[in-house]
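Inspection log for the structure reproduced underneath, given as structure tokens.
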Amino acid sequence: MPPATSSSVLRRVDDEGDIAKNRNAALNDPRTVWREAFRTVRAETERRSAPLSAEDQIVQSMSDASPTKWHRAHTTWFFEQFLLVPHLAGYRVFDQRFAYLFNSYYVAAGPRHARPQRGLITRPDGEHVGAYRAHVDEAVERLVRTASKAQLAEVLRVLEIGLHHEQQHQELILTDILHAFAQNPVVPGYDVDWRPPPPPSPTRGFAELPCGIHTIGFEGAGYCFDNEAPAHQTFLQPVRIARGLVANAQWLEFMAEGGYATPSLWLADGWATVETEGWNAPGYWRAIDGVWHSLTLGGLKPVDPDVPVCHVSYYEADAFARWAGKHLPTEAEWEVAARDNLLDDAFGIVWQWTRSAYLPYPGYRAAAGALGEYNGKFMINQMVLRGSSHATPPGHSRVSYRNFFYPPARWQFSGLRLVDYVG
Ligand SMILES: [Fe+2]
């Protein structure tokens with residue numbers, strides 16, 4: 001994947017962040033390779049947090065978003081709870097109260113603080129969370145160094161889950177602080193040097209997908225989350241998929257033609273949300289002297305018509321597709337097209353809504369225990385997004401990756417591409 005962004009803050013993670021890429025080396029010297037992967041991922045969290053003040057790191061702008069300080073502590077608790085406590089003999093828990101504060105949704109791991117109230121936790125302060133991270137970092141490295149041969153495979157399995165988990169939170173650090181900044185009348189920028197990803201490839205038009213039976217889902221070597229498996233067969237109708245993403249220029253046309261004021265374009269729940277929320281443009285857009293601006297990680301910028309539209313909900317993506325006389329792809333159509341290299345800008349720009357409900361693949365069973373809660377229990381009422389965004393850490397994108405959010409959500413870096421059915 002090419003560099004996802006030209007941000008001075010976001011750019012610095014290189015291929016070391018690609019955990020899977022180090023797998024061959026790991027066969028020879030797994031302890032060193034995984035220690036380095038651990039250091040790289042943990043450092044990236046701190047690097048993304050560094051531009052944020054102590055005040056920035058406390059704020060929680062809505063119940064769906066979490067404070068930066070909470071993300072830093074929660075990812076640390078994850079290693080403590082699932083790796084150190086069960087596997088490192090004599091490990092001293094940093095603070096017994098933190099399990100209550102920083103457990104997110106793992107019922108099997110015990111009681112937890114109410115999610116909408118994470119922004120009220122001013123203590124432990126950021127410095128203390130830093131000490132927590134250092135305490136756990138030292139212990140994880142000690143475990144990787146000293147685990148017996150019999151222990152090592154399980155230790156590294158959980159470590160790898162923890163690293164991918166932390167990378168997911170690295171993206172959330174950015175999406176959540178952007179939402180917080182959007183509530184601030186002076187609209188701060190996260191990184192004044194941030195620039196949007198390079199303009200999308202000039203290729204336009206649609207690519208035809210071969211009709212028939214295809215295999216989707218993860219198979220082979222490397223890491224995947226449990227929701228990407230089992231690989232299975234699926235049948236595709238004749239369909240053409242847009243090579244490119246929907247751009248702001250097209251969205252402005254949709255708006256100019258009354259897209260946000262035409263109930264017949266919307267699902268009932270979508271139209272109810274338009275009315276309740278007063279939506280008349282994508283998230284973070286505001287008109288200044290008649291010119292549309294958008295809040296980005298670099299601050300408030302004029303909307304660039306050539307850039308893919310971002311911060312649209314499923315409801316908006318669905319209404320746009322109807323207005324365009326097209327459809328959103330299913331996740332199977334998206335994945336088949338991506339596997340055949342038919343998509344431009346599949347990764348690193350914006351997540352792309354599909355019209356697939358987030359459901360278990362045939363034969364999927366969540367694992368037993370708390371880690372089985374990671375994905376499986378959320379397979380209801382959400383829609384799948386594919387690809388990755390400019391905030392996704394390098395090495396965290398793959399063709400079988402299934403992201404998922406509720407239909408009204410638009411604080412993620414979410415956009416769309418279209419499909420058209422043949423005949
Ligand atoms: Fe988490």
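The values are calculated or read from the model by the stated rules, or taken from the named source; none is laboratory data. These figures come from a predicted structure and were not determined experimentally. Because the Cβ atoms are built from the backbone with ideal geometry, glycine has one as well, and the counts that use them run over all protein chains shown.
Just to verify a result, which residue in the range 104-125, among those that are among the charged types (D, E, K, R) and touching a residue at least 40 places away in the same chain (Cβ under 8 Å), is surrounded by the most Cβ atoms within 10 Å (Cβ to Cβ)? Outline the logic, then answer.
From the range 104-125, those among the charged types (D, E, K, R) are 112, 115, 118, 123, 125; that's our starting set.
Pick out the ones that are also touching a residue at least 40 places away in the same chain (Cβ under 8 Å) and you get 115, 118, 125.
Numbers: R115: 14, R118: 23, D125: 14.
Ranking the qualifying residues of the range 104-125, first place goes to R118.
Could you list, in sequence order, all residues of the range 232-275 that are surrounded by fewer than 17 Cβ atoms within 10 Å (Cβ to Cβ), in a loop (DSSP other than H, G, I, E, B) and out of contact with any Cys (no Cβ under 7 Å at 6 or more places or on another chain)?
E257, G258, T262, L267
Identify, by number, the condition in (1) within 21 Å of E160 (Cα to Cα); (2) surrounded by fewer than 17 Cβ atoms within 10 Å (Cβ to Cβ) that S388 doesn't meet.
(2)
Give me the strands (runs of 3 or more DSSP E) completely within the range 358-423, filtered to those with at least 1 residues that are in contact with a Ser or Thr (Cβ under 6 Å, 6 or more places away or on another chain), modelled with pLDDT of 95 or more and hydrophobic (A, V, I, L, M, F, W, C), ordered by residue number.
Here the list reads 383-386.
Can you tell me which residue within the range 67-103, out of those that are surrounded by fewer than 19 Cβ atoms within 10 Å (Cβ to Cβ) and of a type in the set (S, T, Y), is nearest to the ligand (Cβ to nearest atom)?
Y100
I'd like to verify a number: residues in the range 112-144 that are within 15 Å of the ligand (Cβ to nearest atom) and either assigned to a loop (DSSP other than H, G, I, E, B) or within 16 Å of D64 (Cα to Cα) (or both), how many?
Of the residues in that region, 4 qualify.
If I go through the range 142-156 residue by residue, how many of them are within 10 Å of L83 (Cβ to Cβ) and of a type outside the set (A, V, I, L, M)?
The qualifying residues number 1.
List the number of the failed condition for I177; all other conditions in (1) over 27 Å from Y401 (Cβ atoms); (2) touching a Phe, Trp or Tyr at 6+ places or on another chain (Cβ under 8 Å); (3) away from the ligand (no atom under 16 Å from the Cβ); (4) modelled with pLDDT of 95 or more hold.
It fails just one condition, (1).
Anything in the range 162-190 that is assigned to a loop (DSSP other than H, G, I, E, B) and surrounded by 21 or more Cβ atoms within 10 Å (Cβ to Cβ)? List them, or say none.
Y190
From the list R157, R195, exactly one residue is surrounded by fewer than 21 Cβ atoms within 10 Å (Cβ to Cβ) and not in a helix (DSSP H, G or I). Which is it?
Criteria check complete, one pass: R195.
Determine which single condition H128 fails, assuming it passes every other condition in (1) closer than 16 Å to E46 by Cβ; (2) in contact (Cβ under 8 Å) with a residue 40 or more places away in the chain.
With (1) closer than 16 Å to E46 by Cβ; (2) in contact (Cβ under 8 Å) with a residue 40 or more places away in the chain applied to H128, the lone miss is (2).
From the list D64, D56, which residue is within 15 Å of the ligand (Cβ to nearest atom) and either in contact (Cβ under 8 Å) with a residue 40 or more places away in the chain or surrounded by 19 or more Cβ atoms within 10 Å (Cβ to Cβ) (or both)?
D64
Looking at (1) without any contact (Cβ under 8 Å) to a residue 60 or more places away in the chain; (2) of a type in the set (A, V, I, L, M, F, W, C); (3) touching a strand residue (DSSP E or B) at 6+ places or on another chain (Cβ under 6 Å); (4) over 25 Å from T276 (Cβ atoms), find the lone condition where L359 falls short.
(3)
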